[in-house]
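The values are calculated or read from the model by the stated rules, or taken from the named source; none is laboratory data. Quick caveat, the model's predicted, so the values are computed rather than measured. Here the Cβ positions follow ideal geometry from the backbone for every residue, glycine too, while neighbour counts run over all protein chains shown.
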Amino acid sequence: MMQNVKENIYEKLLLLCASSSVAVLLLIVIFISFCGFPIIREIGLKEFVFGITWEPSLRSFGILPMLEGTIITTFGALIISVPLSVFTAIFLVEFAPLKIAKIISQAVELLAGIPSVIYGLFGMTMIIPVIQVVEKKFFTHKVSSQPQSGYGILAVVIILSIMIAPTIINISKDALKSVPQELKEGSLALGATHWQTVEYIVVPSAKSGILASVILGMGRAIGETMAVIMVAGNTVQLPKSIFSPVRTLTSNIAVEIAYAEAGAHTQALFATGIVLFMLIIIINSIVICFMGKRAKLK
């Protein structure tokens, strides 16, 4: 009897802990919605999302340049980071000698623990000078005749691809390790090579975990602020090339919230947070639905 009481208490306690995360999420949604919806209702959702002019002093709040900058930099980072990270995870789990795997895994853990401001400093001192040289030598006559700063989309994409790599690698590793050994042994016993086993058995079996790593990496890229501010150029304009300076949604909030006057400007920044939140939900839903359809077709 006493044991049943304890089990019920533990179950209720665990349910309370699980429910707290949902409650916090709901409180955040309610808070930003309460603060941001008045300005959206005033100027209209279409004008707010698709407007190209952001001039708080003129009560002009169009976030399309920041929205486009966020999407371009996020997917640019994923295009670079996802293949490299997944292949790294496959190498560490399936092919790397124990000593080499240990060294690389420790390096990945260190990358995950580096503060974002350090990534920003690395981008400013190491990546941007290289971009300046490359842009000046090969692209200046095509893009612009003005001196190039190096701050822009390409710098952000490179920094974000480095920052999200540890997340994708670590979660993909766990997914690959969770594949039952019997499946691999059965494939090898039927005459498949090691690489064929990895390609046709291990990776498909770990697909859901790899997808989860990509979604978490994408969330990290969308939500990153400090490193992006330091290398993006923070110019509110529609990007014209990969070298164009850009401002993301998170950067816009971080840059202006400190001096935003109470009223429309502050409400517009909270509304930017609403759009950012919805963007993450939409992208995650599309990815999950796409993968679900592919699984059904197979």
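Across the range 100-118, the qualifying residues are those that are surrounded by 15 or more Cβ atoms within 10 Å (Cβ to Cβ) and of a type in the set (Val, Ile, Thr), and the one among them that is nearest to the chain's Cα centre (by Cα) is Val108.
Listed here are the residues, each with its yes/no results for (1) in the same structural domain as Glu55 (by TED's automatic domain parsing); (2) in a helix (DSSP H, G or I).
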position: Gly219; (1), (2): no, yes
position: Met230; (1), (2): no, yes
position: Lys240; (1), (2): no, no
position: Glu261; (1), (2): yes, no
position: His265; (1), (2): yes, yes
position: Ile274; (1), (2): yes, yes
position: Phe277; (1), (2): yes, yes
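Working only within the range 171-192, note down all residues that are in a helix (DSSP H, G or I), surrounded by fewer than 20 Cβ atoms within 10 Å (Cβ to Cβ) and of a type in the set (Ser, Thr, Tyr).
Ser187
Looking only at the range 178-214, residues that are of a type in the set (Lys, Arg) and farther than 16 Å from Pro83 by Cβ come to 1 in all.
Reported count of residues in the range 1-58, each being under 24 Å from Thr235 (Cβ atoms) and not in a helix (DSSP H, G or I), is 5.
Listed here are the residues, each with its yes/no results for (1) out of contact with any Leu (no Cβ under 6 Å at 6 or more places or on another chain); (2) without any contact (Cβ under 8 Å) to a residue 60 or more places away in the chain; (3) surrounded by fewer than 15 Cβ atoms within 10 Å (Cβ to Cβ).
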| residue | (1), (2), (3) |
| --- | --- |
| Phe122 | yes, yes, no |
| Ile128 | yes, no, no |
| Gln132 | yes, yes, no |
| Ser161 | yes, no, no |
| Ala165 | yes, no, no |
| Ile169 | yes, no, no |
| His194 | yes, no, yes |
| Ala212 | yes, yes, no |
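Exactly one residue among Ile40, Ile9 is closer than 16 Å to Ile274 by Cα and surrounded by 10 or more Cβ atoms within 10 Å (Cβ to Cβ), and that residue is Ile40. Reported count of residues in the range 48-59, each being over 24 Å from the mean Cα position of the chain (by Cα) and surrounded by 15 or more Cβ atoms within 10 Å (Cβ to Cβ), is 3.
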